[in-house]
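Beneath this line is the structure, given in structure tokens, with notes to follow.
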Amino acid sequence: MKLTLIKPNIGRMEHSLYVDEARMEPLQLGVLAALTPPDVEVALYDDRIESIPYDEPTNLVAITAETYTARRTYEISAEYRLRGILVIIGGMQPTLIPQEVMQHADSIYIGDAEFQWGQVIEDFRQGRMRPIYKAGVGSPQPGTLTRRDIFNGKGYLPITLLQFSRGCRFACNFCAVSTYFDKSHYCRAVHEVVQEIEAAEKRNLFFVDDNILSNFEAAKALFRALIPLKVKWVSQASINFTQDLELVDLMAKSGCIGLVVGFESISPQSLRWMKKSPNIIGGIKNYKPQLEIIRDYGLQLWAAFTLGHDYDTKESIERTLEFAMENKFPLAAFNILIPYPSTPLYQKLAAEGRLLYDGAWWLHPEYRFNYAAFQPKNMSAEELTEACWHCRSTYNTVGSLIRRTFDRRTNMRSLYRLGLYLRYSTLFRKEVFKKDGMRFGLH
Ligand code: B12
Ligand code: SF4
């Protein structure tokens, strides 16, 4: 039996194809391959880099789908089904909105692969694959090491993706992760993480945890185990971690060089509106002392903002940009607030009749990457789109990148740090300009 795994691209630029230059290993497909019985031949095709050989013989196709890649996923699925090959779609999108995905696949998989993927393969072999597999969510990869040989030769960034935990205990109203994991956080056995690192060839790690510091004590146990491995790692976390200096110290000692941190907004009203509780604990005036702690430890931040909440105005968005410039975050993402299906934000905007593009913006032919998909409270949708673009483009001018370079406590801390900053800030700058206004799907 042969199984073909597919990672879809988002789409294409207006006048040419889009090649993602910041592409990383698709970890979920490495996990799926590892959970597949060893007698099954596995092939991986990454639509972000290569053409999909639809006519190459295969028995079953498994596609991983997010909301942004849904449209392209359905195009790929249609091609295979036209050739009589069964397609199963799993991941974020079928878990958030199964009724839509079901229309585009022979079978859909809801939840984490760990729980029922073995059953799917068995059912396929018996010729009785079910239309829906409803699995749960839980700890990452119990007893399973990611299969990384399928990533060979694809030209991914030289960084190993892995997970210590999944989900997050907080309940931000816009967060698809909070909906997927129902506000829960699940950790993997520390010794299995260590095993995974020892098996990987590279020592630069990206823990793709949704919030690696959701549980302080669990995180400390991980960091203690990482110290002797002498790795360098980045991950994602909520800002409240600065409350526990032992945690910050262990993090730095274990090789943490940077984090994606969701600041989202500098307005207390907006933070309350979106239920971003980790940022409200102790009050927003804390950003300044919190940032001092982070800088003392030399952590290079990728600050993430979401713009368009009900208390946001054009002026508050401008102030957010100024806040980011003042703090010289090595990277900053100015994301337009996006109503992902089934999130509390989506339901609220739908109830208020404020969704644009007929609600399913991700499928609408007129929708483009980084466009506002709802009617904001204090400006028009076009003004919000424009304000976010203004932040993104201003933050990423060459002059702005140069000004941020000379930060003694972060980028200039060592040659290694400087190299990282120069490499990734220029790479992501390029992506920012390329992706804006991208079409979804290829056709
Ligand atoms: C790492 C990551 C990235 C990396 C990309 C890594 C890469 N490989 O290229 C970077 C930082 C570049 C990135 C970029 C973006 N990301 Co991102 N990213 C993630 C993150 C944190 C982890 C994904 C991951 O690898 N998880 C580990 C694997 C093992 O878990 P998994 O994907 O959940 O898969 C499990 C199950 O879902 C299931 N499963 C998955 N697929 C399949 C398929 C089958 C057949 C089966 C049976 C099961 C199955 O089994 C797996 C194992 O249990 C997720 C959060 C999340 N929890 O998903 C966000 C997330 C996927 N990203 C998101 C977004 C919005 C983006 C961006 C669009 C951001 C932006 N504005 O530019 C971009 C572009 C994404 C794209 N498709 O091109 C959103 C998507 C929301 C949605 N509703 O779809 C998420 C959910 C974050 C969030 N908080 O909302 N991202
Ligand atoms: S803290 Fe981050 S991961 Fe957790 S619910 Fe909020 S946005 Fe989602």
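Here, each number is a calculation from the coordinates, and none is a lab measurement. Remember, predicted model here, so these are calculated numbers, not experimental data. Virtual Cβ from ideal backbone geometry, glycine too; neighbours counted across all protein chains shown.
Straight-line reach only, C-alpha to C-alpha below 27 angstrom: list the lysines that Lys220 could link to, leaving out same-chain residues fewer than 8 apart.
Those lysines meeting the cut-off are Lys183, Lys202, Lys230, Lys232, Lys253, Lys275, Lys276, Lys285, Lys288.
Sort 373-382, 204-213, 396-405 by packing, meaning the average of other beta carbons within 10 Å per residue, with the highest value first.
Taking the mean over residues of other Cβ atoms within 10 Å, the ranking is 204-213, 373-382, 396-405.
Taking a ≥ b ≥ c as the square roots of the Cα gyration tensor eigenvalues, with a/c under 1.5 meaning rounded and otherwise prolate when a/b beats b/c, else oblate, which class fits the range 182-290?
Cα axes put the range 182-290 in the prolate bin.
Suppose R0 equals 51 Å; then what is the FRET efficiency for Arg408 and Arg354 from their Cβ-Cβ distance, rounded to the nearest 0.05?
Efficiency, from the Cβ-Cβ distance: 0.65.
Would you mind putting 105-111, 116-122 in packing order, based on average other-beta-carbon counts within 10 Å, highest first?
By packing density, highest mean first, the sequence is 105-111, 116-122.
By average Cβ neighbour count within 10 Å, what is the ranking of 269-278, 317-326 from highest down?
269-278, 317-326
Under the classification rounded if a/c is under 1.5, otherwise prolate if a/b is larger than b/c and oblate if not, where does the range 125-266 fall, given a ≥ b ≥ c as square roots of the Cα gyration tensor eigenvalues?
oblate
Once amide H atoms are placed 1.01 Å from N in the peptide plane, what residues at a sequence separation of 5 or more from Thr144, or on another chain, have their amide H within under 5 Å of its amide H?
Amide H neighbours of Thr144, under 5 Å, 5+ apart: none.
Given the -39500 (n - 2.57) contribution per DSSP H run of 4+ residues, what per-residue ellipticity at 222 nm results for the chain, rounded to the nearest 500 deg cm²/dmol?
Roughly -11000 deg cm²/dmol at 222 nm, from the helical runs in the chain.
Under 15 Å from the Cβ of Gly90, count the other residues' Cβ atoms, weight Lys and Arg +1, Asp and Glu -1, and hand me the total.
-2
Roughly speaking, what is the stretch gain from His15 to Gln195, that is 0.36 nm per residue apart minus the C-alpha to C-alpha distance, in nm to one decimal?
Length difference between fully extended and current span is 60.3 nm.
Taking the Cβ of Tyr186 as the centre, find all other residues whose Cβ is under 15 Å away and add up their charges (Lys, Arg: +1; Asp, Glu: -1).
-3
For Gly298, what charge total do you get from the other residues with a beta carbon under 11 Å from its beta carbon, if Lys and Arg give +1 and Asp and Glu give -1?
Result for the local shell: +3.
Can you work out D for the chain in µm² s⁻¹ from Stokes-Einstein, where Rh is the Kirkwood radius over C-alpha pairs, the temperature is 25 °C and the viscosity is 0.890 mPa s?
Estimated diffusion coefficient is 108 µm²/s.
Once you have a ≥ b ≥ c as the square roots of the Cα gyration tensor eigenvalues for the range 343-389, tell me rounded if a/c is under 1.5, and otherwise prolate or oblate according to whether a/b is larger than b/c.
In terms of gyration-tensor shape, oblate.
Tell me the label-point distance for the pair Thr426, Asp182, using the 7 Å Cα-to-Cβ offset, in nm and rounded to one decimal.
4.8 nm
Once the range 14-150 is represented by equal point scatterers at the alpha-carbon sites, with solvent omitted, what log10 I(q)/I(0) does the Debye formula produce at q = 0.12, 0.13, 0.16, 0.19 Å⁻¹?
-0.47, -0.55, -0.86, -1.26
Describe numerically, in nm with one decimal, the distance between label points set 7 Å from Cα along Cα→Cβ at Met325 and at Glu56.
According to this spin-label approximation, the distance is 4.8 nm.
If each residue of separation counts as 0.36 nm, what is the full-extension length gain between Leu418 and Glu366 once their alpha-carbon separation is subtracted?
Answer, rounded to one decimal: 14.6 nm.
For Ala333, list long-range residues whose amide hydrogen, built 1.01 Å from N in the peptide plane, is under 5 Å from its own amide hydrogen.
Result for Ala333 returns Ala303, Ala304, Phe305.
Using a Förster distance of 25 angstrom, determine the FRET efficiency expected from the C-beta separation of Met1 and Ile49, and round it to 0.05.
Step by step, r from the Cβ atoms, then E = 0.45.
Let's see if you can work this out: charge +1 on each Lys and Arg Cβ, -1 on each Asp and Glu Cβ, no other charges. What is the dipole magnitude of the chain about its Cα centre, in debye to the nearest 20?
Here the chain has a charge dipole of around 1040 debye.
Please give the contour-minus-distance gain from Glu79 to Leu442: 0.36 nm per residue of separation, less the Cα-Cα distance, rounded to one decimal in nm.
129.4 nm
Distance between the C-alpha centers of the range 166-187 and the range 235-250? Whole Å please.
Result: 18 Å between the Cα centres.
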